[in-house]
Structure formats: C-alpha cells, structure tokens
Amino acid sequence: MDFEYSEKVIDLLQRVNAFMDEHVLPNEKLMHEQLADDMWSTPPLMEELKAKARAEGLWNLFLPLAYGKYSAGLTNLEYAPLAEVMGKVIWGPEVFNCAAPDTGNMEVLAKYGSEAQKEKWLEPLLAGKIRSAFAMTEPAVGSSDATNIETSIVRDGDEYVINGRKFYISGANRKQCEIMIVMGKTDPDNKNRYIQQSQVLVPMNTPGVNVVRPMQVFGYVDAPEGHAEIIFDNVRVPVSNIIAGEGRGFEVAQGRLGPGRIHHCMRSIGAAQRALELMCDRVNTRVVFGRPLIKQQSIREDIAKSVCQIEQARLLTLKAAQKMDTVGNKAAKDLIAMIKIVAPSMALDVIDRAMQCHGAVGISQDTFLAQMYAGQRSLRYADGPDQVHMMQLGRDTAKRLER
C-alpha cells in the first residue's frame with residue numbers, strides 16, 4: 001500500500017500546519033477568555049479565524065469526492081493527515097469548518113437531502129454561517145443500538161409531531177445552532193426493526209423544543225457547543241422536513257457514522273501526537289533529582305511506547321481511509337471498527353503518560369492535556385461504544401474465518 005502524500009496533500013498539509021502554528025495554537029488562551037464572556041456563543045476570535053481559513057482555501061476539506069460539487073476534492077486518505085493536524089487543538093477543526101457534528105450533518109444533507117433542504121440548511125452550514133446538532137441518544141434506552149430509539153414521530157396531516165427526550169446532543173447548547181437532525185420512530189410496530197426509524201429536520205426555535213440543561217463530561221461543559229438534554233414536547237415540523245423518506249432513518253444513520261467515526265480517529269491521532277510533543281519538551285527541560293527527566297529509563301520507555309502506538313494507529317487509519325475510498329464505506333466497516341476501538345484508547349494512553357510527566361501541571365488548566373483526556377475518554381462512547389464495535393467485529397471475524 002502506498003501511503004505517500006501527493007503534491008496536493010503536501011501543499012495542503014504545509015498550509016494547515018502553518019495556519020495552526022500562526023493563528024490557532026497561539027490563541028488557545030484568548031479563545032478561553034472570550035468564552036468566559038459569553039459561554040454559549042461562538043467567540044469573535046473563532047469567526048475571525050474561520051474567515052481567514054476560508055480566504056486561504058482551507059475550508060470544508062472533509063467532504064470526499066463522492067459528494068460532487070460540495071466536495072473539496074479530497075479523498076478520505078488525503079484528508080487524514082489534515083484532520084490529524086486540526087485535532088491538536090480541541091476547537092481546531094471548527095476553524096476549517098471541519099468539526100463534528102456539522103461534518104456528519106453536512107454529509108447527510110449532501111447525500112440524502114432534498115434540493116430544498118440543501119438550499120435552506122446545507123448551504124449555510126457549508127458557508128459556516130450556522131451550526132447544527134444530531135439528536136439520537138436517549139437516556140432511557142441503550143442508544144448504541146439505534147433500533148432502540150423511542151422518540152415518536154407521528155404524522156398529522158402535513159406535519160410531523162415529535163415527542164421524546166434526548167441527551168448528550170452535542171452542539172445544541174450553542175446560540176448559533178439553528179438546526180437539528182432528530183432520529184425517532186415513524187413506524188414503531190413494523191416487524192422489520194430496521195425501517196421503524198426516520199430522521200427529520202427540526203429548527204431549534206420550533207415551539208416545544210426545550211433545552212433542559214448542558215450535560216457535563218468529567219465536569220466539563222464543553223462550551224460553546226455543549227451537550228444538551230432536550231425534551232421534545234409536541235414539536236411540529238412540516239412533512240417536507242423528513243430526510244430521504246419514512247423508514248430510512250437507520251440507513252441514513254449508518255451512512256453518516258462511517259465517515260464520522262474515522263474523522264474522530266484522525267483527530268485522536270493529532271491529539272496524541274501533540275501530547276507526545278509536549279511530553280518530549282517537558283522531559284528534556286524538567287530537572288528532577290539532579291538530572292533531566294529524559295535520563296530516566298522509564299521516561300524513555302514511555303516515549304517509545306507512545307511513538308509506537310501513535311504510528312500503529314496512524315497506519316490503521318490510513319488503511320481504513322484507503323479502503324473507504326476504493327471499495328466504499330460498507331466494505332471497509334471492519335477496518336473502521338478496528339480504528340474506532342484502537343484510536344481513542346491509544347490517545348488516552350499517550351495523554352496519560354504526558355500528564356504524568358508534567359506532574360500536577362498535567363491535570364491543571366495550564367495545558368490542553370486534562371480536557372483532551374476527558375474528550376478522548378468520551379469518544380469511547382461516541383458513534384457507538386467500544387463494546388458494540390468489538391461485538392460486531394468479533395462476530396464478523398469469527399464468521400469469516402470459520403472453516
């Protein structure tokens with residue numbers, strides 16, 4: 001397999017790296033300060049950086065070639081190193097309009113949306129003018145199996161009436177979040193449990209959409225996007241807001257999650273790589289017991305283990321991306337499952353070692369390590385928990401290798 005970057009990717013990688021070094025990394029403190037002024041609103045600095053990135057052509061790089069006129073012209077394999085660099089800062093991907101959950105929602109609308117839906121919601125999302133959310137997870141059911149979803153979507157004339165409770169709806173706390181894709185059941189009694197569900201577009205300002213509270217992640221509220229708990233109380237939307245048609249919600253969800261999962265993994269590698277770089281800076285300059293930390297054998301072993309783990313995950317990500325490009329997401333599902341299992345746990349290992357090398361500073365607000373650790377730990381749930389991926393991967397592998 002040839003994972004050498006093309007001239008186009010090398011050029012983009014140099015430009016994204018330069019942008020991160022000049023505009024993103026030096027502004028982490030300022031971004032946090034602006035968030036303190038208005039927690040649930042996009043900081044002015046973010047809008048400034050987005051405008052700069054768009055002007056430089058570093059925009060919507062995540063949409064692969066299959067999305068035609070909406071694509072930035074990159075394959076999944078070509079996008080991987082760019083996403084890795086963006087992932088070095090928690091809010092980095094948003095600067096380039098490559099942040100979840102908008103990326104997944106844009107893919108859904110580009111692939112399944114009607115022309116009217118694309119004009120009303122996809123175009124402003126692609127322009128970075130609004131933000132969005134994807135409402136699937138529910139507190140009362142095991143939402144890792146989407147067929148368990150209980151939120152009801154009932155047709156009443158020319159409208160759908162939605163009732164239910166969702167939580168950990170990332171992005172829905174932000175004032176700039178204008179639209180949600182909501183997954184629920186339009187045909188709960190259908191014997192085929194995979195066509196009971198549908199997905200429907202619900203504007204945030206629709207009567208009956210009640211944002212109850214921001215859910216915390218290890219004590220973090222992850223402002224400004226947040227992770228909302230939402231009650232849908234007789235929410236009415238036009239029938240035209242259905243995506244792809246009734247009964248196709250599970251299909252749409254599966255189409256959304258493949259690229260979303262690997263994008264998370266690309267960013268996880270970037271987080272781990274930055275943690276490794278901070279660890280190396282720290283151990284080369286920190287003197288303990290009369291000599292630099294790097295002189296300790298255990299420290300050298302930690303660095304060596306981290307380098308190996310990061311490179312293993314990087315190569316597996318590239319292999320999965322290449323297979324998605326060549327034979328499609330469905331045929332690449334085993335590799336996608338593998339990297340979704342591997343990457344967040346790898347990042348946790350590396351970040352944990354970096355925190356240990358930093359001592360008390362490593363768990364403080366003075367580095368990105370503690371918050372990134374919390375984010376990577378929550379990623380072991382996002383887009384399906386580890387256990388679901390392992391269950392399916394184990395089942396499929398046993399079937400394939402049975403003699």
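The values are calculated or read from the model by the stated rules, or taken from the named source; none is laboratory data. Owing to the predicted nature of the structure, the values given are computational and were not obtained by experimental measurement. Every residue, glycine among them, receives a Cβ derived from its backbone with ideal geometry; neighbour counts consider all protein chains shown.
Just a few scattered comments:
- Filtered residue count, region 110-150, keeping only those that are closer than 26 Å to residue 192 by Cβ and out of contact with any Phe, Trp or Tyr (no Cβ under 6 Å at 6 or more places or on another chain): 19
- Annotation: of all residues in region 94-148 being acidic (Asp, Glu) and buried (at least 19 other Cβ atoms within 10 Å of the Cβ), the one that is farthest from the chain's Cα centre (by Cα) is 138.
- Exactly one residue out of 313, 304, 223 is under 30 Å from residue 1 (Cα atoms), surrounded by fewer than 20 Cβ atoms within 10 Å (Cβ to Cβ) and of a type in the set (Gly, Ala, Ser), and it is 304.
- The residues of region 227-242 that are surrounded by fewer than 22 Cβ atoms within 10 Å (Cβ to Cβ), of a type in the set (Val, Ile, Thr) and under 13 Å from residue 135 (Cβ atoms), listed by number, are 231, 237.
- Every pair of residues 6+ apart whose Cβ atoms lie under 9 Å, when the first sits in region 12-34 and is closer than 24 Å to residue 72 by Cα while the second is loosely packed, with under 12 Cβ neighbours inside 10 Å and of a type outside the set (Lys, Arg): 12/57; 15/57
- Residue list for region 317-349, restricted to those being surrounded by fewer than 24 Cβ atoms within 10 Å (Cβ to Cβ) and either of a type in the set (Asp, Glu) or more than 24 Å from residue 71 (Cα to Cα) (or both): 325, 334, 338, 341, 342, 345, 348, 349
- So residue 230, is it among the aliphatic types (A, V, I, L, M), farther than 13 Å from residue 153 by Cα and touching a residue at least 60 places away in the same chain (Cβ under 8 Å): yes
- The single condition from (1) hydrophobic (A, V, I, L, M, F, W, C); (2) assigned by TED's automatic domain parsing to the domain that holds residue 375; (3) in a loop (DSSP other than H, G, I, E, B) that residue 223 fails is (2).
- Options 334, 325: the member that is among the charged types (D, E, K, R), assigned to a helix (DSSP H, G or I) and in contact with a strand residue (DSSP E or B) (Cβ under 9 Å, 6 or more places away or on another chain): 325
- When region 270-287 is filtered for residues that are in contact with a strand residue (DSSP E or B) (Cβ under 9 Å, 6 or more places away or on another chain) and buried (at least 21 other Cβ atoms within 10 Å of the Cβ), only 283 remains.
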